[in-house]
Each structure stands twice: as C-alpha cells, then as structure tokens.
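Down below is the structure, laid out as structure tokens.
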Amino acid sequence: LDEAVTLFRAANDTLGAVDASNDLGIVLQSLGLDEEAQPLYERALADAADVRRKAAITANLATVYHRKGDTTRAKELYGRAEAALVAAGREDEAVAIALQRALLGEPDLQTYRALYERAKDPRVRATAALNLAGLVWKEQPDAAASLAAEARTLTGGLGASAWRASFLEGRILLQQGRSDAGMAKLKAAVDALEATRRGLSESEAKGFRAEYAKV
C-alpha cells in the first residue's frame with residue numbers, strides 16, 4: 001500500500017492516491033499505529049473530491065482522535081462526516097457514524113432509540129440495538145434481552161455483536177439472581193474476545209487492546 005500511494009502520486013492519479021492512503025491508514029490503525037495513520041488520513045482528506053470519500057476519510061480521522069482521547073475533535077469530525085453522508089443520501093452509513101459519535105457523549109435514550117429506528121443495514125442495526133439495550137437493561141430487562149437476541153440474529157452470532165450480546169445477557173441474568181447462567185454468559189463473552197485476540201499477530205493485538213482494553 002505504501003508503494004501504491006507513491007506510484008499513484010507519481011502518475012498524478014489523485015483518486016488512486018486518496019484510496020491507497022486511506023486504506024494504508026486503516027491498516028496502520030489496526031496495528032495500533034495511530035500516529036502514522038493520521039497524516040495519511042489528513043492528506044487523503046485534503047485531496048478527496050467526492051462527498052462519500054471525504055465522509056469516510058473524515059470518520060477514519062475521527063477514530064484517531066477518539067482513541068487519543070480528544071473527544072471534542074472526534075465529535076466534531078464524526079458530526080461532519082454524518083452530515084455529509086446524510087446529504088449524499090447514505091443513510092445507513094450516516095447512522096453508523098452517528099453511533100460512533102453518540103459513544104462520546106452522555107448516554108441519551110432518545111438519541112439511541114432514534115438511531116436504532118433509523119438503522120436498516122443489519123450490522124448497523126445490530127450495533128444500534130446493543131447500544132440501546134445497554135441503556136435499558138436494568139429497568140427493562142426483557143426489552144434489552146430481545147434487542148440482544150435481535151443483534152445476534154442480524155449478524156449470525158459473529159463479530160463484536162456476539163460477545164456484546166452475551167455480556168448484556170449475562171448482566172441481565174445476574175440481576176435476576178440467576179448467577180450460574182449469568183456467569184456462563186459472561187464467560188462466553190470473555191472467551192469470544194480471547195479467541196479473537198489469539199488469532200491476531202503481536203502487532204495487530206496492539207490495536208485490538210487499544211480498542212478493547214476497557215472491556
């Protein structure tokens with residue numbers, strides 16, 4: 001990818017250089033190398049012309065600030081990307097960005113419910129369902145369990161949705177006094193995360209830990 005960026009620029013292919021720079025930034029971030037990714041995103045953003053590309057790169061740049069702890073700048077960039085995608089008619093992509101931005105603010109039930117209702121893409125709706133369930137599980141355990149089950153179904157029980165669903169279900173069961181079943185669900189969530197981590201290289205695991213350390 002690094003060579004591709006150089007070759008595209010030498011050929012005066014701005015679009016190719018933008019896409020290669022953005023892709024390289026994504027790879028570097030997955031390796032935990034946010035500082036190296038940031039200038040690539042910034043250069044790609046400056047050169048990008050179409051709305052959808054600019055929005056995608058802006059969102060990627062926002063994740064850099066998000067992980068650095070600069071929530072003010074991250075929220076600004078997420079908001080800019082969301083507005084651009086809405087204007088371009090890319091509703092599901094806009095909702096996905098809005099979900100990222102919502103994580104940086106105070107939990108707001110009305111906002112999370114609205115995003116859940118807007119989401120149509122299965123993966124985006126699964127994320128929205130789990131975020132909403134995370135706000136209501138104490139007061140509305142049945143509704144939260146239903147949302148977790150929906151998320152698991154939408155994603156086929158794969159990816160982050162699987163362990164997040166198990167985590168929520170475990171908390172609900174513990175709250176109900178069903179400790180054995182609750183601990184089993186929590187163990188399933190931990191096992192899913194560990195299985196993902198074990199499948200990564202040492203450098204990839206650095207980025208994974210950066211994202212999931214608090215979890």
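Would you mind stating whether Arg90 is basic (Lys, Arg) and buried (at least 18 other Cβ atoms within 10 Å of the Cβ)?
The answer is yes for Arg90.
Annotation note: Cβ proximity below 9 Å between a residue of region 88-111 that is aliphatic (A, V, I, L, M) and a residue that is open to solvent by less than 70 Å² (accessible area, probe 1.4 Å) and modelled with pLDDT under 85 (sequence gap 6+ or interchain) occurs for Ala94/Ala88; Ala102/Asp108. Can you find, within region 47-83, the residue that is surrounded by the fewest Cβ atoms within 10 Å (Cβ to Cβ) among those that are aliphatic (A, V, I, L, M) and under 26 Å from Asn12 (Cβ atoms)? Out of the qualifying residues, it is Ala49. Counted as qualifying within region 128-215 are the helices (runs of 4 or more DSSP H) with 1 or more residues that are within 24 Å of Ile97 (Cα to Cα), open to solvent by 40 Å² or more (accessible area, probe 1.4 Å) and not polar (S, T, N, Q), namely 141-154, 160-175, 202-212. Restricted to region 47-107, the set of helices (runs of 4 or more DSSP H) holding at least 2 residues that are closer than 22 Å to Val18 by Cβ and of a type in the set (Lys, Arg) comprises 51-68, 71-87.
If only residues of region 132-161 that are at pLDDT below 90 and touching a Lys or Arg at 6+ places or on another chain (Cβ under 7 Å) are counted, the one that is farthest from Glu194 (Cα to Cα) is Thr155. Working only within region 99-114, note down all residues that are at pLDDT 90 or above and within 17 Å of Leu85 (Cβ to Cβ). Within region 99-114, Ala114 is the sole residue that qualifies. Remark: Ala189 falls outside the filter, which requires a residue to be in contact with an Asp or Glu (Cβ under 8 Å, 6 or more places away or on another chain) and at pLDDT 85 or above.
The values are calculated or read from the model by the stated rules, or taken from the named source; none is laboratory data. Computed from a predicted structure; not experimentally measured. Neighbour counts run over all protein chains shown; Cβ positions are idealised from the backbone, glycine included. Only protein heavy atoms, including side chains, enter the accessible area calculation; ligands, DNA and RNA are left aside. Shrake-Rupley method; radii C 1.70, N 1.55, O 1.52, S 1.80 Å.
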